[in-house]
1. Given the -39500 (n - 2.57) contribution per DSSP H run of 4+ residues, what per-residue ellipticity at 222 nm results for the chain, rounded to the nearest 500 deg cm²/dmol?
2. Search the structure for amide H atoms under 5 Å from the amide H of Tyr368, placed 1.01 Å from N in the peptide plane, and list their residues when 5 or more places away or on another chain.
3. For the chain, with every protein chain kept in place, what is the accessible area per residue (1.4 Å probe, Å²)?
4. Which one of Ile442, Phe401, Asn383 has its Cα pushed farthest toward the positive end of the charge dipole of the stretch 318-449, where Lys and Arg give +1 and Asp and Glu give -1 at the Cβ?
5. I need the shape label for the stretch 252-344. Rule: rounded when a/c is under 1.5, else prolate if a/b > b/c, else oblate, with a, b, c from the alpha carbon gyration tensor.
6. Across the stretch 319-394, how many lysine pairs, 8 or more positions apart or on different chains, have C-alpha atoms separated by under 28 Å? Please give the number.
7. Rounded, prolate or oblate, given the Cα gyration tensor of the chain, with a/c below 1.5 counting as rounded?
8. For Cα pairs less than 8 Å apart in space and 6+ apart in sequence, what is the mean separation divided by the residue count of the stretch 228-385, i.e. the relative contact order in percent?
Amino acid sequence: MYNIWDNVLASIKQKVSDTVFVTYFKDTSLSSSENGKITINVKNAFISKQLSSKYHSIIKDAIINTGTDVNELAFEISSNTKPKVRPREVINDVPEKISSKSTHFATNNVSSLKSEYTLDNFIVGSNNDLAVAAAKSIIDAPGKRFNPFFLYGSPGLGKTHLVQAIGNALQKKDPNLKILYMPTPDFYNDFVAAVRNGKGNEFRKRFQKLDCLILDDFQKIIGKQGSQDEFFDIFNSLYQLNKQIIVTSDRLPSQIETLDPRLSSRLAQAGAFDLQLPKFEDKCAILRAKADLAGADIEDEAIEYIAENVNTNIRDLEGELSKILLMSEVRGITPLELINNGATSISHTSKPRPLSSKQIIDKVAKFYNITSKDICGGSRVSNIKTARQIVIYLLCSELSFSTTNAAKEVGLKDHTTAMHARDKIAKDLKMDFTLREQIEEIKGQLYAA
Ligand code: ADP
Ligand code: MG
């Protein structure tokens, strides 16, 4: 026995982002199915509204794909979303069409790109403008200037969204293009399965036919030597044919342990692009766009509250917005009223507390195993000098110090030295993942309660 609704949900999950799935679909269930009228159980009116206005056709298609006729979709609100009718009663003789695990090559040129990830709904800010410019150039001329396109950044900052948006735009421009998006673990698993079944050659040939290969989360290749060699071969053959290769990772190739140095330098040869944490203004812009997209009303102050309080990543920002919109709808009050009532508690965030320059100096010194005196003395020993530069950078970025004041704090006479230090660290952060991790770690400790 199988459950039709599980299959419907599995297929919807392939099409929408994780946040949308969790917010709108996860807790739905099938209520009844009669003469082509399918009734779906949902938790509240907000979800019902969203599903019927925005996701109607996705749901309908997914149901049809299971081989069930549907003329009408209805939504029923119930706090208990357990199916009232047991699956067996609902599905009489529906053929089992969908296998639980569809392969990536089920159809020839349709990959698992989610249509929802587009450039139109990717908000451009100072945290991602270079990467977006490169993405546009790839859409104009795939396989040319930015090939391979290597995109890196911490989790939740938009890597998957941006590379899928490139895939979607290319597919729209030319529906005949063979584009494949694949998370790296799937690449590995498919590879292992192909080898096990003696189909290694077929596996390779399928890849070699592609016009664009998108491999997501490439850092997960760690320890998977066989698939690395395979990827290197595929990479070279696609590259020689000027086919576009897109790879994402949470770190630079040089920082992926055990990555073959040849592959590492090939991956970064057209430059590595990064996504950074959005600044306050970027966060507000993203939240506003997401709320508009959901057709939800939310006050500017509420947006600013969320932007100020979520300092982790864009995924959390989005999650928090959905939660507040949902709660506001359920309780029948506006998001700002909800916040002012203290009904929201933002959990995965570090609320900035006022910091002092001394705290920054002490924390950096401790982190690098030196003393605060070292930092404020004139030593030019390389690790001390770098720690001092980081302190200056943090004083400017976290406490909005002028370079003159930052210079004074660390015992420098000349503010141009401080300016140079601040700019150097800001620049290094763009390419040096280890440095970025260290500074994130220091900031985390500074803001930790
Ligand atoms: P990553 O792959 O880097 O972990 P994702 O691409 O999954 O991150 O992004 C996390 C969530 O944040 C997604 O829902 C995505 O749509 C959203 N997101 C990230 N960056 C942006 C942006 N610039 N504009 C709009 N949404 C964004
Ligand atoms: Mg991702």
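The values are calculated or read from the model by the stated rules, or taken from the named source; none is laboratory data. Note that the structure is predicted; figures quoted are calculated from it, not measured. Reconstructed Cβ throughout: ideal geometry from the backbone, glycine too, with neighbour counts over all protein chains shown. Calculation scope for accessible area: heavy atoms of the full protein, side chains included, ligands and nucleic acids excluded. Shrake-Rupley method; radii C 1.70, N 1.55, O 1.52, S 1.80 Å.
1. Details: 20 runs with 227 residues, N = 449.
Mean residue ellipticity at 222 nm (helix-derived): -15500 deg cm²/dmol.
2. none
3. On the way: 22190 Å² over 449 residues.
In whole numbers, the chain has 49 Å² accessible per residue.
4. Result: Asn383, furthest along the dipole toward the positive end.
5. On the way: a/c = 3.49, a/b = 3.21, b/c = 1.08.
Prolate, since a/c reaches 1.5 and a/b exceeds b/c.
6. The result is 10.
7. On the way: a/c = 2.49, a/b = 1.36, b/c = 1.83.
In terms of gyration-tensor shape, oblate.
8. On the way: 98 pairs, mean separation 22.9, N = 158.
The normalised contact order for the stretch 228-385 reaches 14 percent.
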